[in-house]
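**Q** If you scroll down you'll find the structure; I have some questions about it.
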Amino acid sequence: MARIDYDGATAASFRAAREIPRSGLAAWEEAVRRHLDPVPGMTVVDVGAGTGAFATAFRDWFGVRVVAVEPSDAMRALIPPRAGIAVRAGHAAALPLPDAGADAAWLSTVTHHVPDLAAAAREIRRVLRPGAPVLVRNAFAGRYERLRIVRWFPETARSLDTYPSVEETCEAFASAGFTRAALESVPQTDLSSLAELLERSDTLRTADTLMRGLTEEEFTRGKARLREAVLAGRTPQGADLTSSLDLLVLR
């Protein structure tokens, strides 16, 4: 999987095109609450925090303390300054936390960027207290039929097939003593219309790992599909405007 160099412009594109409005994350709040059992004041390490969308959501939803760990200077610079959110440089295999210093780990669309998932699992094990959960929000190889991007840009499946599978992820974490506790598909909504997706497509081309993997011809064909649907006045179905990622829980 090609890695994105998050310079300032790319980080800004990521925030503009990839961050989901809080109103579209209601199902994620519910799912995380079920598996995290949050208590105000507990510490959650957000591994690969990006521009802080989930760090701020966790703080607002649950009143937890968040340590937002992100390797990109440009991405960290866009995390809103908030009481209760500590922003730190680091990555999945080198977390700036003490041993047993966190009550949960959150990894959102991160695992496919991690070169050595087993090493990351060992590091996450180090910083978590015994019994603390790892919550992984991601697309997994072979489980992307509910992803909206694949409906309009089907060639993105080529890159998705290079992502770690659920089984590979569980195997990597098992090497650090974690076992699979739950797996569920969680929907999210970030669009009001297909026209909005068409309007965003060029920004997504810059910010989205999957879109960057398309050839120009593949990207143009996908935009043409969207444009045809918009011009035809197609009434969007729920599947057009929603997308689902998996939540894998390990303990």
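The values are calculated or read from the model by the stated rules, or taken from the named source; none is laboratory data. Please read these numbers as outputs of a predicted model, since none were measured by experiment. These area figures cover heavy atoms from the full protein model, side chains too; ligands, DNA and RNA do not enter into them. Shrake-Rupley method; radii C 1.70, N 1.55, O 1.52, S 1.80 Å.
**Q** If the viscosity is 1.567 mPa s and the temperature 4 °C, what translational diffusion coefficient in µm²/s does Stokes-Einstein give for the stretch 26-116 when Rh comes from Kirkwood over Cα pairs?
**A** On the way: Rh = 13.2 Å.
Estimated via Stokes-Einstein, D reaches 98 µm²/s.
**Q** Can you give the alpha-carbon Rg of the stretch 1-70 over 2.2 N^0.38 Å, where N counts its residues?
**A** Values: Rg = 13.4 Å, N = 70, 2.2 N^0.38 = 11.1 Å.
So the stretch 1-70 has a normalised radius of gyration of 1.21.
**Q** Okay, moving on. Quick check: convex hull of the Cα atoms in the stretch 143-251, volume per residue, rounded to a whole Å³?
**A** 102 Å³
**Q** While we're looking at this one, here's another question. Could you list the square roots of 5 times each eigenvalue of the Cα gyration tensor of the stretch 142-207, that is, the equivalent ellipsoid semi-axes, sorted largest first and rounded to whole Å?
**A** The equivalent ellipsoid of the stretch 142-207 has semi-axes of 30, 14, 11 Å.
**Q** Gap in Å between the Cα centre of the stretch 69-91 and the Cα centre of the stretch 147-176?
**A** Here the answer is 26 Å between Cα centres.
**Q** Please compute the alpha carbon radius of gyration of the chain, then divide it by the globular-protein estimate 2.2 N^0.38 Å. Two decimals is fine.
**A** 0.99
**Q** How big is the convex hull of the Cα atoms of the stretch 109-184, per residue, in Å³?
**A** Spelled out: Cα convex hull of the stretch 109-184, divided by residues, is 86 Å³.
**Q** In addition: Could you look at the chain and say what percent of its accessible area is carbon and sulfur, using a 1.4 Å probe and all protein chains?
**A** Looking at the chain in its full context, I get 51 percent from C and S.
**Q** What is the stretch 73-141 by shape, rounded, prolate or oblate, if you read a ≥ b ≥ c off the alpha carbon gyration tensor as root eigenvalues and call it rounded for a/c under 1.5, prolate for a/b larger than b/c, and oblate otherwise?
**A** Since a/c reaches 1.5 but b/c is at least a/b, the shape of the stretch 73-141 is classed as oblate.
**Q** With every protein chain in place, what's the accessible area of GLU216 (1.4 Å probe, Å², nearest 10)?
**A** 120 Å²
**Q** Right, something else. Tell me the accessible surface of ASP240 in square angstrom (1.4 angstrom probe, heavy atoms of protein chains only), to the nearest ten.
**A** The accessible area comes out at roughly 10 Å².
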